[in-house]
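Derivation of every value follows stated rules applied to the coordinates shown; laboratory data play no part. Note that the structure is predicted; figures quoted are calculated from it, not measured. A quick note on method: Cβ atoms are made from the backbone with ideal geometry, for glycine too, and the neighbour counts reach across all protein chains shown.
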Amino acid sequence: MNESNIDPKLLKPYDPKETEDRIYKMWEESGFFNPDVCIEKGMTDKDAETFSMVLPPPNVTGTLHLGHAATLTIEDIMTRFARMKGYKTLWLPGTDHAAIATQSKVEKILEKEEGKRKGDLGREEFLKRVNQFAQESHDTIINQSKKMGASLDWSREAFTLDEKRNLAVRTAFKKMYDDGLIYRGHRIVNWDPKGQTVISDDEIVYEERKAKLYTFKYSNDFPIYISTTRPETKVGDTAVAVHPNDERYKKYIGKTYEIKDFCGVSLNIKIVADESVEKEFGTGALGVTPAHSQIDADIATRHKLDTKQVINEFAKMTVGDERILNKKTIEAREVIVNFLRENNLLEKEEEVTQNISTAERTGGIIEPLPKLQWFIDVNKPIKERDNKSLKELMLEAVRSKEVNIIPNRFEKVYYNWIENLRDWCISRQIWYGHRIPVWYKGEEIYCGVETPNGNGWEQDSDTLDTWFSSGLWTFSTLGWPDLNASDFKTYHPTNMLETGYDILFFWIARMILMSTYLLGEVPFKNVYLHGIVRDAQGRKMSKSLGNSLDPLELTAKYGADAVRMSLIIGTGPGNDSKMSEDKIRAYKNYANKLWNITRFVLSNTENIKNENFNNYVDVDKKLIDEIDKLIIEITKEMDEYKFYLVGEKIYQYTWARFADIILEESKNIFENGAEKEILSRKHFLLYTLEKILKILHPFMPFVTEELWGMFLKENKKLLMIEKWPVSPDTSQGEPV
């Protein structure tokens with residue numbers, strides 16, 4: 001073994017700490033994350049096919065977790081693969097202002113550190129604090145993304161709350177308002193009494209708690225027993241619903257009963273027949289409280305029932321006498337249960353387990369309330385979209401296969417959610433976010449992209465649901481509403497949207513909604529869904545369980561390449577993965593193995609340049625055929641997004657085949673073989689190591705780029721822009 005002419009770094013053990021920051025800086029300074037630079041410098045053909053993808057913008061509420069690391073890894077693999085295949089490749093970065101989450105975080109900091117509430121500062125000063133926090137968090141996130149090796153085009157970075165995105169939001173809102181899709185009305189919403197705002201379904205955390213189920217009737221003259229865990233809402237009942245085929249109750253259907261005193265409240269209860277009622281559940285009769293349940297509100301609409309609100313925004317009772325009026329719902333519950341006991345109306349009470357809806361950010365128990373809010377109508381026909389509704393546009397995009405969901409088992413889940421979709425409440429009672437572009441002056445209402453002229457106009461104080469701006473992400477980041485923007489014309493629709501399956505509805509569906517409505521085209525052609533990263537026991541990672549793994553700590557300890565490989569191998573699309581330090585450590589050993597393999601090959605191939613050699617002996621021809629077939633096979637699998645299989649196959653070939661068998665055989669050839677065999681083997685080793693580094697680069701970019709820099713090769717470029725070793729127009733072509 002001759003080590004005299006190899007890079008001195010290769011003589012030492014591989015050190016990711018010494019390597020990774022230096023390599024990333026080199027990539028950034030090259031400019032090749034930007035597709036325009038690749039074209040300008042002749043690395044990519046200006047007429048090449050495009051590959052574009054937007055990064056799901058992480059919330060500016062803190063630091064990245066392993067789920068983000070998985071996202072960055074999968075998307076970077078896609079991006080580096082496309083770039084090496086010669087595509088005009090754009091991976092566009094950005095961050096999300098995450099309205100409620102960010103405001104809530106700053107409110108908690110303010111209260112803890114200064115003992116102040118946001119009202120003490122006022123809207124303008126408070127927003128300054130939020131923006132400062134968001135900027136600091138943003139800087140941390142960007143640094144962490146770079147540590148993971150993400151080859152994002154930072155020159156195009158966007159923020160959901162910046163000026164360009166604000167223009168897009170106001171433009172979209174104005175068009176939807178003018179088309180009659182956005183309206184203001186009273187509807188049942190998820191109300192957080194603690195945070196004093198509407199929240200979306202995805203901001204609800206369901207907590208399993210013990211509760212009491214009470215079975216009772218409203219009065220001794222009332223013929224039907226009902227069951228509930230919330231007796232305090234029953235003072236707002238206007239009906240009892242039963243199944244039309246339930247023989248027990250048929251004779252009561254259509255009758256109305258007047259209850260003169262139900263804990264100080266008079267009720268008029270109508271018995272209605274509704275097919276949504278389950279005969280076998282409980283008593284088979286449902287007390288209908290239209291103001292405090294979406295299900296009950298639907299029943300009330302079908303049967304033209306009155307709606308009576310009995311709980312306010314502070315979760316206090318608004319009806320009744322001194323026993324319950326102005327009391328918290330939990331106190332009123334006890335009063336009403338005692339009333340039922342004292343009047344022999346309570347048949348039984350039993351302990352049950354139920355899922356309680358709580359607000360993710362404040363922990364407050366959600367109260368369904370009728371509120372005057374802004375909504376998007378998902379069922380209204382849209383003239384310029386062939387009279388299809390937003391709901392129909394969302395369904396059509398997937399059914400027509402214009403949007404391909406990977407894995408396709410999630411299509412049924414998507415259809416089911418869309419088919420049951422209600423009008424989208426888009427207003428929030430918080431300060432941080434895109435302000436609703438509507439102004440009022442007396443009875444006049446103005447909606448516009450620009451502020452209205454003249455004095456006396458007051459802007460709506462509410463802000464928009466953060467998903468509204470996120471829904472525009474694929475095209476607002478590319479220059480829309482300027483339809484002539486170069487990036488928009490070149491890169492939209494994007495090729496891929498990769499994200500976790502848990503936001504299939506909240507984000508993916510809304511992007512499809514916005515794009516099909518505003519542009520008449522889908523936002524992306526493919527959706528790749530990854531699962532949740534869990535601990536070694538399969539539990540969800542959380543601070544309370546103490547099982548969270550910090551990707552930055554792991555990267556510092558084992559190297560980014562090792563963390564990336566551990567997040568990919570063994571996990572197909574849509575499946576949850578198990579993560580442990582042992583798994584990461586194994587891939588750190590793999591990086592070391594690759595380092596040692598390269599040292600052996602380069603030490604034994606001194607002064608040999610692996611170009612245009614074709615005088616291989618038969619045994620090496622077979623070995624070349626083996627690696628070439630493997631490359632064709634994995635290229636096809638890369639095109640099919642089977643990264644978990646590709647990573648495993650490269651790992652197995654490199655270690656079990658190339659290192660353990662072929663290199664061991666090579667030692668004997670170098671000692672005892674004929675000159676022709678030795679020369680052939682040296683060229684084969686260089687040929688194969690070059691291919692290994694290329695096909696492994698999307699997975700382990702740092703160590704492969706470092707080793708590539710040690711090759712003696714003419715016209716050598718950075719590995720990140722070297723050509724993938726199979727022609728891009730076919731996966732069945734010859735390796736190049």
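Mean residue ellipticity at 222 nm from the helices of the chain, using -39,500 (n - 2.57) per DSSP H segment of n ≥ 4 over the full residue count, to the nearest 500 deg cm²/dmol?
Taken over the chain, the calculation gives -12000 deg cm²/dmol.
Relative to the present Cα-Cα distance, how much length would full extension add between GLU443 and SER400 at 0.36 nm per residue of separation?
11.0 nm
Given points 7 Å out from each Cα along the Cα-Cβ axis, report the LYS380 to ILE532 separation in nanometres with one decimal.
Taking the simple label geometry, LYS380 and ILE532 are separated by 3.7 nm.
Take the Cα atoms of segment 355-394, build their convex hull, and give its volume per residue in Å³.
So the per-residue hull volume is 142 Å³.
Multiply the residue gap between THR353 and LYS636 by 0.36 nm, knock off their C-alpha separation, and tell me the result in nm, one decimal place.
Going from the current span to full extension adds 96.9 nm.
Just to confirm the filter: which trypsin sites (Lys or Arg not before Pro) across segment 15-73 are DSSP coil and have at most 16 other Cβ within 10 angstrom of their Cβ?
Here the trypsin sites (Lys or Arg not before Pro) that fit, given the DSSP loop and packing criteria, are LYS41, LYS46.
Go ahead and run the numbers for FRET between ASP550 and ASN268, Cβ-Cβ distance against an R0 of 60 Å, rounding to 0.05.
In this case the efficiency is close to 0.50.
As a test of the definition: which semi-axes, in Å, follow for segment 574-721 when you take the square root of five times each eigenvalue of its alpha carbon gyration tensor? Largest first, please.
27, 16, 16
Does anyone have the angle between helix 663-672 and the longest principal axis of the chain? Alpha-carbon axes, 0 to 90°, nearest 10?
So the helix axis and the longest Cα principal axis differ by about 0 degrees.
Once you've got the Cα coordinates, tell me which of LYS85/LYS682; LYS593/LYS629; LYS85/LYS388; LYS88/LYS716 are over 32 Å apart.
Correct reply: LYS85/LYS388.
Could you tell me what percent of the DSSP beta bridges with both partners in the chain are antiparallel, to the nearest 5?
70 percent
Rounded to the nearest Å, what's the spacing between the alpha carbon centres of segment 99-121 and segment 51-82? Just the number, please.
Spelled out, the Cα-based centre of one part sits 29 Å from the other.
Give the Cα extents of segment 279-346 along the principal axes, in whole Å, largest first.
The Cα atoms of segment 279-346 stretch 34, 30, 16 Å along the principal axes, largest first.
Testing the spin-label approximation: label points 7 Å from Cα along Cα→Cβ at ASN312 and GLU334. State their distance in nm.
So the two model labels end up 2.2 nm from each other.
Rounded to whole Å, give me the distance from the Cα center of segment 407-477 to that of segment 268-346.
The two parts, judged by their Cα centres, are 32 Å apart.
Using the basic label-point model (7 angstrom from Cα toward the beta carbon), what is the ASP261 to GLU664 distance in nanometres?
The answer from the label model is 9.4 nm.
Looking at segment 1-124, I'd like the Rg to Rh ratio, where Rg is from alpha-carbon atoms and Rh is Kirkwood's inverse mean 1/r.
1.17
Report the normalised scattering of the chain as log10 I(q)/I(0) at q = 0.09, 0.11 Å⁻¹, calculated by the Debye formula with identical scatterers on the alpha carbons.
For the chain, the Cα-only Debye profile gives -0.91, -1.19.
Can you list the GluC sites (Glu not before Pro) in segment 30-138 that are in a DSSP coil and have 16 or fewer other beta carbons within 10 angstrom?
GLU49
Say the cut-off is 29 Å between C-alpha atoms; which of LYS270/LYS371; LYS164/LYS636; LYS210/LYS316 go over it?
LYS164/LYS636
By counting other Cβ atoms within 10 Å of each Cβ, how are ARG585, ARG333, ARG539 ranked from fewest to most?
ARG539, ARG585, ARG333
Give me log10 I(q)/I(0) at q = 0.11, 0.15 Å⁻¹ for segment 198-368, Debye formula, one equal scatterer per alpha-carbon, no solvent.
-0.45, -0.87
Translational diffusion coefficient of segment 55-100 at 37 °C, 0.692 mPa s, Stokes-Einstein with Kirkwood Rh over Cα pairs, in µm²/s as a whole number.
So the translational diffusion coefficient is about 276 µm²/s.
Could you calculate the FRET efficiency of TYR183 with ASP162 from 1/(1 + (r/R0)^6), where r is the beta carbon distance between them and R0 is 22 Å, rounded to 0.05?
Computed FRET efficiency for TYR183 and ASP162: 0.20.
Run the numbers on the chain and let me know its relative contact order in percent, using alpha-carbon pairs under 8 Å that are six or more apart.
The normalised contact order for the chain reaches 17 percent.
Can you work out the PRE-style zone for ASP460? Point 7 Å along Cα to Cβ, and I want the residues of segment 177-212 with backbone N under 19 Å.
Flagged as within label range: 177-192, 196-201.
Taking N as the number of residues in segment 557-638, what is its Cα Rg relative to 2.2 N^0.38 Å?
Segment 557-638 yields a ratio of 1.48.
If r is the Cβ-Cβ distance from GLU677 to SER155 and R0 is 60 Å, what FRET efficiency results, to the nearest 0.05?
The computed FRET efficiency comes out at 0.70.
Taking segment 350-421 on its own, what percent of its Cα-Cα pair distances exceed 14 Å?
74 percent
How far is helix 643-652 tilted, in degrees, relative to the longest principal axis of the Cα atoms in the chain, given as a value from 0 to 90 rounded to the nearest 10?
Helix 643-652 and the main axis of the chain meet at about 30 degrees.
Taking the beta-carbon count within 10 Å as an exposure proxy, list ASP462, ASP120 from fewest neighbours to most.
Fewest-to-most ranking of ASP462, ASP120: ASP120, ASP462.
Please give the helix 581-603 orientation as an angle from the longest Cα principal axis of the chain, in degrees from 0 to 90, rounded to the nearest 10.
Relative to the chain, helix 581-603 is tipped by roughly 20 degrees.
Compute the length gained on full extension between VAL205 and ALA586: take 0.36 nm times their separation in residues and subtract their Cα-Cα distance, giving the result in nm to one decimal.
That works out to 133.6 nm of additional length.
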